[in-house]
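*Asks:* Below you'll find the structure I mean.
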Amino acid sequence: MNKLFLILAGTLLGFGIFFLVDFLDDSSKEPEEKFIPDKKLKRELAYLEYALDSLHEFMGNPIYGEWLYHNREVEQNVFRYLDSDPKGPTNERSRIYLQPLGEFDSLETGVLKLTAEYLTIFYNIPVEILEPLSTDLIPDGMRRQHQDYEQVNSEYILDDILVPRLPDNAVSYLAFTNYDLFPNDSYNFVFGQANLGKRVGVYSTARFGNPAESKEAYQLFLSRTLKVAAHELGHMFSITHCVRYKCVMNGSNNMEESDAKPHFLCPEDLMKVCHHLNIDMNERFLDLSKFWQRNGFPENERFCLESISLLKRYAARDGVNRDDF
């Protein structure tokens, strides 16, 4: 059985984020049969890419220091993805839970509430914030002082705190903490770590800046939190890094690269999410535009409204109806 394990990590070279996947027993894997995509899905993807072309950029050639320069990744075929029974909600598991771990001030608590609201719209799945758990649950042997940060062990959080408390109806159970994280002594730090098979993950906001410093610092803290939460839940739904477009699912090798990527899904990943999770694209864009408007991100609001306009314009011009696909 394949084992999938994900780590977002700070490397010894600096502020790094990487996606580590360990696949076992590939030598015994049967050769894949030739895959023939559904014609209706092919037409829909072509329509999406054509309609939204002006709003999305293709990835350029990577340069030294960027994620794709140091990590050889291949494009995840949208048709194979949809045909592969990707992870997602079921009748029994239909809710995302956010688990605060530690003490949060009023600004951090507010950001967590906005994150729950955002993820509900982004993935069309109800998100619930649970009562905070104390970091007293983490023993001294699973803590360390490293550089300027008090750190807690992310693997202990996953296996000993989250897994035993996994709600019966959870599609994902994600802890958020303002403590810095480390999985073992080989790492300086990690931004987050998740075990996809066990449906649990933990992410840290310790290096996202101080939201109380200024209005700009608050907006940056919120932007980073929303971006990493949406990205990591994408992985929880079996979506790998996007290598074709500039997209929220791009891998990032440092905070600067992460800040530069958009909050939005490219046409290919948009199609994966909307088909897999049964989301109406126009309604999703409209709800996202209202979220961005309420929270002071006018460029993101315009992006969503322009997406709706383009989808409707090309649908009317070409006589396209979603029911035709």
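Readers should treat all values here as calculations from the given coordinates under stated rules, not as data from a laboratory. Being a predicted model, the structure only gives us computed values, none of them experimental. Ideal geometry is used to build each Cβ from the backbone, glycine not excepted, and the neighbour counts take in all protein chains shown.
*Asks:* At a Förster distance of 41 Å, what's the computed FRET efficiency of Thr120 paired with His70, Cβ-Cβ distance as r, to 0.05?
*Replies:* It comes out at approximately 0.75.
*Asks:* Pick from Ala229, Ala260, Ala51: which is most flexible by mean-square fluctuation in a GNM of the chain where alpha carbon atoms under 10 Å apart are linked?
*Replies:* Maximum among the listed residues: Ala260.
*Asks:* Give me the distance in nm between label points sitting 7 Å out from Cα along the Cα-to-Cβ direction at Lys198 and Ser94, one decimal.
*Replies:* 2.7
*Asks:* Quote to one decimal, in nm, the extra length available between Lys42 and Arg207 on full extension: 0.36 nm per residue of separation minus the C-alpha distance between them.
*Replies:* Details: separation 165, 0.36 × 165 = 59.40 nm, distance 4.12 nm.
Taking Lys42 through Arg207 to full extension adds about 55.3 nm, to one decimal.
*Asks:* Magnitude of the Cβ-charge dipole of the stretch 121-213, K/R +1 and D/E -1, about the Cα centre, nearest 20 debye?
*Replies:* That gives the stretch 121-213 a dipole magnitude of about 280 debye.
*Asks:* Assuming 0.36 nm per residue, please report the length gained on full extension of the stretch Asp85 to Glu103 beyond their Cα-Cα distance.
*Replies:* Taking Asp85 through Glu103 to full extension adds about 2.7 nm, to one decimal.
*Asks:* If I fit a long axis through the Cα atoms of helix 106-123 and take the longest principal axis of the Cα atoms of the chain, what angle between them do I get, 0 to 90°, rounded to 10?
*Replies:* Helix 106-123 sits roughly 30 degrees off the main axis of the chain.
*Asks:* For the pair Glu256 and Asp136, how long in nm is the line joining their label points, each one 7 Å along Cα→Cβ?
*Replies:* 4.4
*Asks:* Working from Cα positions, state the angle (0 to 90°, nearest 10) between the long axis of helix 298-318 and the longest principal axis of the chain.
*Replies:* So the helix axis and the longest Cα principal axis differ by about 20 degrees.
*Asks:* Can you give me the angle between helix 267-276 and the longest principal axis of the chain, using Cα atoms only, in degrees from 0 to 90, rounded to the nearest 10?
*Replies:* Once rounded, the angle reads 80 degrees.
*Asks:* Under 4.7 Å Cβ to Cβ, no partner at all: give me those cysteines from the chain, in residue order.
*Replies:* So far as the 4.7 Å Cβ criterion goes, Cys274, Cys304 stand without a partner in the chain.
*Asks:* In sequence order, what are the phi-derived ³J(HN,Hα) couplings for the stretch 42-50 according to the Karplus relation 6.51 cos²θ - 1.76 cosθ + 1.60 with θ = phi - 60°, rounded to whole Hz, with x for glycine and proline?
*Replies:* Residue by residue, the stretch 42-50 yields 4, 5, 5, 5, 4, 5, 4, 5, 5 Hz.
*Asks:* Continuing with the same structure: What is the total of Lys pairs in the stretch 160-286 with C-alpha atoms under 20 Å apart, excluding same-chain pairs fewer than 8 positions apart?
*Replies:* Qualifying lysine pairs in the stretch 160-286: 7.
*Asks:* So, one more: What is the percent of Cα-Cα separations in the chain that go past 27 Å?
*Replies:* Result: 45 percent of Cα pairs exceed 27 Å.
*Asks:* With springs connecting C-alpha atoms under 10 Å apart, model the chain as a Gaussian network and identify which of Glu131, Glu301, Glu117 has the largest mean-square fluctuation.
*Replies:* Glu131
*Asks:* Determine the dipole magnitude for the stretch 46-110: charges of +1 sit on the beta-carbon of Lys and Arg, -1 on that of Asp and Glu, nothing else is charged, the reference point is the Cα centre, and the result goes in debye to the nearest 20.
*Replies:* With only Lys, Arg, Asp and Glu charged at Cβ, the dipole is about 280 debye.
*Asks:* Count the DSSP beta bridges whose two residues both fall in the chain, then state the antiparallel fraction as a percent rounded to the nearest 5.
*Replies:* If we restrict to bridges inside the chain, about 45 percent are antiparallel.
*Asks:* Around Glu268, under 9 Å between beta carbons, what's the net of Lys plus Arg minus Asp minus Glu among the other residues?
*Replies:* -1
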